[in-house]
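Read through the structure below, which is laid out as structure tokens, and then see the notes.
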Amino acid sequence: MAFARWHTDFARWEKSPGSPVCQVDLDVDRFLHARLSALLPDAGWLSEETADHPDRLARGRVWVVDPIDGTRDYIRGRAGWCISVALVDHGHPVIAVLDAPARGEVWRAAAGRGATLAGAAVHTGNRAVFPGSRVPVDALPKADRELVAVEKPNSIALRIAMVAADRADLVATLRWGNEWDIAAAVLIASEAGARVSDALGAPLMFNKADPRAYGVLVSAPGIHDAAVHHLAARARAAIG
């Protein structure tokens with residue numbers, strides 16, 4: 001559905017300044033809600049494009065969905081977007097799919113069963129030295145000049161998946177973000193061997209009353225501690 005309407009004329013607007021949305025977001029959201037709710041009627045629902053309801057907190061299993069992650073790229077006709085779907089069981093993602101049809105990529109993971117891209121197993125790299133680590137960014141700030149910039153899709157989920165497939169070594173954000181942006185991708189990265197935490201190095205949990213996390217830090221396991229240390233002062237300053 002989303003791919004068929006890419007590069008066509010559809011309504012688009014801003015939910016808030018700097019937060020674009022389009023009619024396709026809403027249509028994909030309704031489609032997924034209907035299909036996934038029929039598959040697991042007892043599961044709750046948390047999605048970027050559906051009004052949140054507290055009844056999800058009483059459910060052991062919850063679908064966590066971003067109907068189009070990377071809407072900005074979708075609207076601009078760029079390929080850096082995907083559909084992100086995770087099933088969360090008692091706070092932990094157990095099934096994940098990222099479908100990026102404009103890139104010809106489908107990523108999947110199941111807890112304890114590894115992660116795949118186009119059906120082939122993916123594995124995080126074994127980098128153990130922090131300087132020179134590959135980071136998907138448009139430009140590196142002065143404090144990060146020892147790192148190496150690589151391709152940056154608008155979708156945070158796809159950037160995290162890049163670590164899973166050894167296309168990048170590190171992805172980090174230093175702001176409050178929503179669970180639907182990262183739930184599927186962090187399972188894919190974890191199952192590929194990456195280490196995953198919030199920006200301060202703490203474990204991530206999902207289906208919280210406030211469905212946000214303070215940043216995300218996904219990396220090759222050998223540089224995760226160094227990455228937490230490198231970002232610590234900025235992370236603590238940003239969180240206040």
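The values are calculated or read from the model by the stated rules, or taken from the named source; none is laboratory data. Fair warning: this is a prediction, and the values are worked out from it, not measured in the lab. Cβ placement follows ideal geometry from the backbone for every residue including glycine, while neighbour counts extend to all protein chains displayed. Protein only, heavy atoms only, side chains kept; ligands, DNA and RNA dropped before computing areas. Shrake-Rupley method; radii C 1.70, N 1.55, O 1.52, S 1.80 Å.
Looking across the range 23-75, just one residue is touching a Cys at 6+ places or on another chain (Cβ under 9 Å) and either loosely packed, with under 14 Cβ neighbours inside 10 Å or assigned to a loop (DSSP other than H, G, I, E, B) (or both), and that is Gly70.
Can you pull out the strands (runs of 3 or more DSSP E) entirely within the range 113-166 that have at least 1 residues that are under 14 Å from the mean Cα position of the chain (by Cα)? Passing ranges, in order: 134-136.
Note on the range 187-197: residues that are open to solvent by less than 10 Å² (accessible area, probe 1.4 Å) and either part of a helix (DSSP H, G or I) or in the same structural domain as Val88 (by the TED database) (or both) total 2.
Within the range 66-107, the set of residues being under 19 Å from Asp52 (Cβ atoms), of a type in the set (A, V, I, L, M) and out of contact with any strand residue (DSSP E or B) (no Cβ under 6 Å at 6 or more places or on another chain) comprises Ile68 only.
Tell me the residue from Leu204, Leu200 that is surrounded by 17 or more Cβ atoms within 10 Å (Cβ to Cβ), free of Cβ contacts under 8 Å to residues at least 40 places away in the same chain, closer than 30 Å to His53 by Cα and not aromatic (Phe, Trp, Tyr), please. Can you show your working first?
Values: Leu200 fails: surrounded by 17 or more Cβ atoms within 10 Å (Cβ to Cβ).
Only one candidate passes the filter, namely Leu204.
Restricted to the range 100-110, and to residues there that are surrounded by fewer than 18 Cβ atoms within 10 Å (Cβ to Cβ) and not small (Gly, Ala, Ser), the residue that is farthest from Ala38 (Cα to Cα) is Arg103.
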